[in-house]
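> Next up is a structure, given as C-alpha cells.
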Amino acid sequence: MVAQAVPQFPLRRLVLPVLFLAIVLGVGFRSVLFGSQTLSAASYVAGVLPSGPVDAPPPPWPRPMRDPEGAAWVNEPVPSLVHDIMRQSAAPLWNDRTGLGQPLLGNPNTGVLSPFQWISEAFPSSRVRDWTWVLRLFVLGCGTMLLARELRCSLAGTALAGVAISLSGQSVQWIEHHPLNADAFVPFVLAAAWALRRGSKRAGPALALAVAAGCL
C-alpha cells in the first residue's frame, strides 16, 4: 500500500502561524520589549559600565546568555561606533578605537552590512538593540515555518517548528551575538532550495537573496 503525499497548504495560511509566533515572542520578552529590562550583557562584565569598581563581584549564576564578554565588548558597541563614523560623513571601513585599529567591513564579528544592523546603526540605543535582537528570533522562526511548509508539514507542525527554533537554547543563549545575523536566513536558503528542486520559478531569485542577506 502506497502512502499519499501530504499536500502543501497555500502560502497565505502562514499568516496565522506568523501571528502566533509574534504573540509568543511578545509575551516571552514582554519585560524587554515593553518594560524596563534589557538583554544587554554589559552588567555581567566587570569594567564595562562606568558605575562600580572593576573588581566588583559578578552577578549571580546562571547567566542569561553565553559569552557575555563578547556581547558587551563587540556586539553592543558596534552600532554606536558605526553610527558615529557615518555622522562624520565617512564610510564605516575602519575602526580606530581598538588597538592600532582594525577594518570594520573585514571583521565578521561587527556585521556592519547585515540588514539587522541597519536599524541599530541608524538609531543606536539599548531599546532599539533589544527590539532588533528579538526581531532576529522572529525572522528565524518565520524562515523555519516557510521551510516546514515546503516539507509538507501540517499547519500546527509548521507553527510549532517556528516557535521551537526561536525559543531554542541555541537561539536564546546567543541572542546578542553576531552569528544570528546569518543564522536567521539559513531556513530561507533551505526553503528556497527545496522550492527550486520542485521547479518553482521564484525560488532562484529568493535563494540568491537569502544567501546574500546571510553573507552580509
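The values are calculated or read from the model by the stated rules, or taken from the named source; none is laboratory data. From a predicted model like this one, the values you see are computed outputs, not experimental measurements. A quick note on method: Cβ atoms are made from the backbone with ideal geometry, for glycine too, and the neighbour counts reach across all protein chains shown. Protein only, heavy atoms only, side chains kept; ligands, DNA and RNA dropped before computing areas. Shrake-Rupley method; radii C 1.70, N 1.55, O 1.52, S 1.80 Å.
> Can you pull the percent of Cα pairs in region 92-216 with separation above 22 Å?
Roughly 43 percent, rounded to a whole number.
> Just to verify a number: FRET efficiency for Ala90 and Ser200, C-beta to C-beta distance, R0 = 45 Å, to 0.05?
0.60
> A further question on this structure: Along the positive direction of the dipole of region 148-216 (beta-carbon charges: Lys, Arg +1; Asp, Glu -1; about the Cα centre), which of Gly162, Gly199, Val189 reaches farthest?
Gly199
> Run the accessible area of the chain with a 1.4 Å probe and give the carbon-and-sulfur part as a rounded percent.
Numbers: 8280 of 12410 Å².
The nonpolar share, carbon plus sulfur, comes to 67 percent.
> Could you tally the net charge around Arg136, taking each other residue with its Cβ under 13 Å from the Cβ of Arg136, Lys/Arg +1 and Asp/Glu -1?
Numbers: positive: Arg129; negative: Asp130, Glu176, Asp183.
So the surrounding residues net to -2.
> Looking at the chain, I'd like the Rg to Rh ratio, where Rg is from alpha-carbon atoms and Rh is Kirkwood's inverse mean 1/r.
Values: Rg = 19.8 Å, Rh = 19.1 Å.
Radius of gyration relative to Kirkwood radius: 1.04.
> Another question, if that's okay. How much length is gained if the chain between Leu155 and Ala42 is pulled fully straight, taking 0.36 nm per residue apart and subtracting their Cα-Cα distance, in nm to one decimal?
Numbers: separation 113, 0.36 × 113 = 40.68 nm, distance 3.99 nm.
Once the chain is fully extended between Leu155 and Ala42, it gains 36.7 nm.
> Per DSSP H run of at least 4 residues, take -39500 (n - 2.57); add these up for the chain, divide by its residues and hand me the 222 nm value, nearest 500 deg cm²/dmol. Could the numbers behind the result be given before it?
Details: 10 runs with 108 residues, N = 216.
Theoretical 222 nm ellipticity from helices: -15000 deg cm²/dmol.
> Also, quick follow-up: Using amide H atoms built 1.01 Å from N in the peptide plane, name the residues 5+ places from Asn95, or on other chains, whose amide H lies under 5 Å from its own.
Residues meeting the criterion, in which the H sits 1.01 Å from N, are Gln102, Leu104.
> How about region 169-216: which trypsin sites (Lys or Arg not before Pro) there are in a DSSP loop, with at most 14 other Cβ atoms within 10 Å of their Cβ?
Answer in residue order: Arg198, Lys201, Arg202.
> So, one more: Is there a quick way to get the dipole size of the chain? I mean about its Cα centre, with the Cβ of Lys and Arg at +1 and of Asp and Glu at -1; what is the value in debye to the nearest 20?
About 1100 debye.
> I would also like to ask the following. Between Ser125 and Ser31, 0.36 nm times their residue separation minus their Cα-Cα distance comes to what?
Between Ser125 and Ser31, full extension yields an extra 32.2 nm.
> What number, in percent, do you get for the relative contact order of the chain if the mean sequence gap of Cα pairs under 8 Å and at least 6 apart is divided by its residue count?
Value for the chain: 22 percent.
> What whole-number value in Å² describes the accessible area per residue of region 105-199 for a 1.4 Å probe?
With all protein chains present, region 105-199 gives 43 Å² per residue.
> Mind checking the angle between helix 126-150 and the chain's longest principal axis? C-alpha axes, 0 to 90 degrees, to the nearest 10.
Here the helix axis deviates by roughly 20 degrees.
> Check each of the trypsin sites (Lys or Arg not before Pro) in region 92-144 and keep only those in coil by DSSP with at most 14 other C-beta atoms within 10 angstrom; list them in order.
When the trypsin sites (Lys or Arg not before Pro) of region 92-144 are filtered for loop state and at most 14 Cβ neighbours within 10 Å, Arg97 remain.
> Be a star and scan region 14-47 for residues whose amide nitrogen sits under 17 Å from the point 7 Å along the Cα-to-Cβ vector of Arg97.
Counting backbone N atoms under 17 Å from the label point, the list is 41-43, 47.
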